[in-house]
Amino acid sequence: MKISEIIKLSNEKLKNIEYVDPTREAIEIISHVLLADENEILLSNDLEINDNDLEEIKDLIELRSSGEPLQYVLNRAYFYNRKFYIDNRALIPRYDTEHLLYRTLEISKDFKNPDILEVGAGSGAISITLNLELENARIEACDISNDALEVCNINQELHNSDVNFFYSDLFGNVVKKYDIIISNPPYIKKSDLSLIPKETLKEPLNALDGGEDGLDFYKEITKESIDYLKDGGYLIYEIGFDEAYDVYEIMNKYEFKNINIDKDFQNLDRVIYGKKG
Ligand SMILES: C[S@@+](CC[C@H](N)C(=O)[O-])C[C@H]1O[C@@H](n2cnc3c(N)ncnc32)[C@H](O)[C@@H]1O
């Protein structure tokens, strides 16, 4: 079978999936299996694929056509220009979450040797990136999901990083104080879970479900963080586009100062941060 024929087949198989560009995805799958650059694939319409590779490509297209996110199909996701391992044990790191990283990198400059804790590590992409970007920081990250922590450890090995990943239900196993606590907690309202794309529902539910009003984790983490932040330390969150006002009120209630909000590239509220007064 030629590459052009595989692309046609992929278009047929993937046409009914939400939010998909079937040609683009076919090219990604083919280049993944052939270990080739995507540009090379684009220039090789007439290249015949051998039987083994063809079988693997067809299997991956089939899996994708069942609604499995492409990142899980190919076991890879990109974050801050680095490639991370991913599978359905952890949330796929999102491009939008890079805003949380930018703000954390910026605030870290206020500290000589920042001690940073991430609550809800997921794939580990944020904490590993912080570890690789910040020479003088000590990064720790916890999660309640042992599955997610296994993915963190795969990524830790892949990037030769030095994050202390540990199991904890919020601050249950946290024993020290930090300069910065960050979190991209589950923040989807329970009633909205039925509205999100089917693909997103292939991701772990405990990475998505933020309770009745989507704010359960902001309320709990903000309250508890007071005991685990040093004086002058920062709490930094990713938030849903419509949650800034509510999370501001929660942080205000626990007397965080200088509360600010960052917008994402679509001009939506994306990150909120404040200082323990
Ligand atoms: C929205 S995901 C964020 C993952 C990752 N930080 C990212 O941004 O890609 C939320 C994470 O919080 C974790 N989580 C949920 N409940 C938790 C709890 N009670 N204590 C610690 N982590 C929790 C989930 O397992 C999930 O990995």
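A residue that is touching a residue at least 24 places away in the same chain (Cβ under 8 Å), within 14 Å of the ligand (Cβ to nearest atom), surrounded by fewer than 18 Cβ atoms within 10 Å (Cβ to Cβ) and within 27 Å of LYS275 (Cβ to Cβ) occurs somewhere in segment 155-171.
Among the residues of segment 175-199, write down those that are under 17 Å from GLY122 (Cα atoms) and either free of Cβ contacts under 8 Å to residues at least 12 places away in the same chain or assigned to a loop (DSSP other than H, G, I, E, B) (or both). Within segment 175-199, ASN184, PRO185, PRO186, TYR187 qualify.
I'm checking my understanding of the structure. Among residues of segment 41-55 that are assigned to a helix (DSSP H, G or I) and more than 20 Å from LYS83 (Cβ to Cβ), which one is modelled with the lowest pLDDT?
At the first step, the residues of segment 41-55 found to be assigned to a helix (DSSP H, G or I) are 41-42, 51-55.
With the extra rule that they be more than 20 Å from LYS83 (Cβ to Cβ), the set shrinks to 42, 51-55.
Numbers: LEU42: 86, ASP51: 93, ASN52: 95, ASP53: 95, LEU54: 95, GLU55: 95.
The extreme case among them is LEU42.
Looking only at segment 21-40, residues that are surrounded by 19 or more Cβ atoms within 10 Å (Cβ to Cβ) and either of a type in the set (Lys, Arg) or at pLDDT below 90 (or both) come to 1 in all. I want to confirm something. Restricting to segment 106-142 and keeping residues that are over 13 Å from the mean Cα position of the chain (by Cα) and near the ligand (Cβ under 9 Å from one of its atoms), which single residue is nearest to ASP209 (Cα to Cα)? This residue is CYS142. For beta carbons closer than 6 Å, sequence separation of 6+ or different chains, a first residue in segment 6-22 that is outside the structural domain of GLU55 (by TED's automatic domain parsing) and in contact (Cβ under 8 Å) with a residue 40 or more places away in the chain and a second that is among the basic types (Lys, Arg) and assigned to a loop (DSSP other than H, G, I, E, B), there are no qualifying pairs. Only one entry of ASP209, ASP227, ASP192 meets the criterion of being over 19 Å from the mean Cα position of the chain (by Cα) and within 15 Å of the ligand (Cβ to nearest atom), and that entry is ASP192.
The values are calculated or read from the model by the stated rules, or taken from the named source; none is laboratory data. Since we're looking at a predicted model, the values are computed, not measured. Virtual Cβ from ideal backbone geometry, glycine too; neighbours counted across all protein chains shown.
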